[in-house]
Amino acid sequence: VPASASSRSLKLLRDRHVPVVVLDRRVRAPHVDVVRGDSGGGAYALVRHLVSLGHRRIAALAGPREVSTSVDRVEGYQRALAEVGVAIDPELIRFGGYQEPAGHTMAREVLELHEPPTAIFAGNNFIAAGVLAAVRECGLRVPDDISLVAFDDLPSAWTADPFLTVAVQPAYELGRRAAELLLERLQGGEGHPAREVVLPVELLVRRSSGPPQHGLAA
């Protein structure tokens, strides 16, 4: 799972004839297979859900700018807003990290804007956990005061009552397909062209998303 857009590490492996399957990233490297979830489609579905509830001022908190999943999820967010004629506000888009502290920092930044969002799209579950902490610190509640949706579900150990609206990747299927492709390479398929498998994600609507409050809908 590459941590940046650079293909240098993939080239090193390829030069040493090490078969490689990349998970959860878009890459452009010859003879490197990719298995990933539909990041753009999942983000699009989550934001369209928020739009259907009446939200128009929606923040997007993403991972590192150089990671393809961050780019794809922000693109899906922008596409969903553009389809309903909502202008993209750069103040509401933040790139940071896929860790809980980054989610907390980015959430505080958008919550402290002169015109804060009525909903937040978190780029992954760790960002969502940071958002929840920031929302509590601000004396707000989800979804009473602000809606929250996220890519990837919260681990069950974090909450006894699943409440977060999420786009869930088929993690087991991602691993299974990746292993199949790798075994094919190991069994003599080294000369095959690169293959990319994009698996759909599932939208799970729960209690963390609701209509905007205080007449803030467009």
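When the test is whether a residue is surrounded by fewer than 22 Cβ atoms within 10 Å (Cβ to Cβ) and modelled with pLDDT of 95 or more, ALA194 does not pass it. Counting only strands (runs of 3 or more DSSP E) that sit completely within the stretch 1-64, those holding 1 or more residues that are open to solvent by 30 Å² or more (accessible area, probe 1.4 Å) and of a type in the set (Lys, Arg) correspond to 33-37. Screening GLU137 with (1) touching a strand residue (DSSP E or B) at 6+ places or on another chain (Cβ under 7 Å); (2) open to solvent by 60 Å² or more (accessible area, probe 1.4 Å) gives one miss only, at (1).
Filter the stretch 170-189 for residues that are out of contact with any Leu (no Cβ under 7 Å at 6 or more places or on another chain) and either of a type in the set (Ser, Thr, Tyr) or not in a helix (DSSP H, G or I) (or both); which is surrounded by the most Cβ atoms within 10 Å (Cβ to Cβ)? Out of the qualifying residues, it is GLY189. Which residues, counting only those in the stretch 117-134, are out of contact with any Ser or Thr (no Cβ under 6 Å at 6 or more places or on another chain) and either open to solvent by 50 Å² or more (accessible area, probe 1.4 Å) or hydrophobic (A, V, I, L, M, F, W, C) (or both)? Once the filter is applied, which keeps residues that are out of contact with any Ser or Thr (no Cβ under 6 Å at 6 or more places or on another chain) and either open to solvent by 50 Å² or more (accessible area, probe 1.4 Å) or hydrophobic (A, V, I, L, M, F, W, C) (or both), the stretch 117-134 yields ILE120, PHE121, ALA122, PHE126, ILE127, ALA128, ALA129, VAL131, LEU132, ALA133, ALA134. For the stretch 190-206, filtering for residues that are in a loop (DSSP other than H, G, I, E, B) and under 19 Å from the mean Cα position of the chain (by Cα) leaves 4.
For the stretch 91-109, indicate whether the set of residues that are over 20 Å from the mean Cα position of the chain (by Cα) and modelled with pLDDT of 95 or more is non-empty. No, the stretch 91-109 contains no residue that is over 20 Å from the mean Cα position of the chain (by Cα) and modelled with pLDDT of 95 or more.
Please give the number of the condition GLY76 fails out of (1) touching a strand residue (DSSP E or B) at 6+ places or on another chain (Cβ under 8 Å); (2) open to solvent by less than 10 Å² (accessible area, probe 1.4 Å). Only one criterion in (1) touching a strand residue (DSSP E or B) at 6+ places or on another chain (Cβ under 8 Å); (2) open to solvent by less than 10 Å² (accessible area, probe 1.4 Å) is unmet by GLY76, namely (1). Is it the case that the stretch 93-103 has a residue that's in contact with a Leu (Cβ under 6 Å, 6 or more places away or on another chain), within 21 Å of PRO212 (Cβ to Cβ), open to solvent by 10 Å² or more (accessible area, probe 1.4 Å) and not in a helix (DSSP H, G or I)? There is at least one residue in the stretch 93-103 that is in contact with a Leu (Cβ under 6 Å, 6 or more places away or on another chain), within 21 Å of PRO212 (Cβ to Cβ), open to solvent by 10 Å² or more (accessible area, probe 1.4 Å) and not in a helix (DSSP H, G or I).
The values are calculated or read from the model by the stated rules, or taken from the named source; none is laboratory data. Quick caveat: nothing in here was measured; it's all calculated off a predicted structure. In this analysis, Cβ positions are derived from the backbone assuming ideal geometry, glycine residues included, and neighbour counts consider all displayed protein chains. All accessible areas refer to the heavy atoms of the entire protein, side chains included, with ligands and DNA or RNA removed. Shrake-Rupley method; radii C 1.70, N 1.55, O 1.52, S 1.80 Å.
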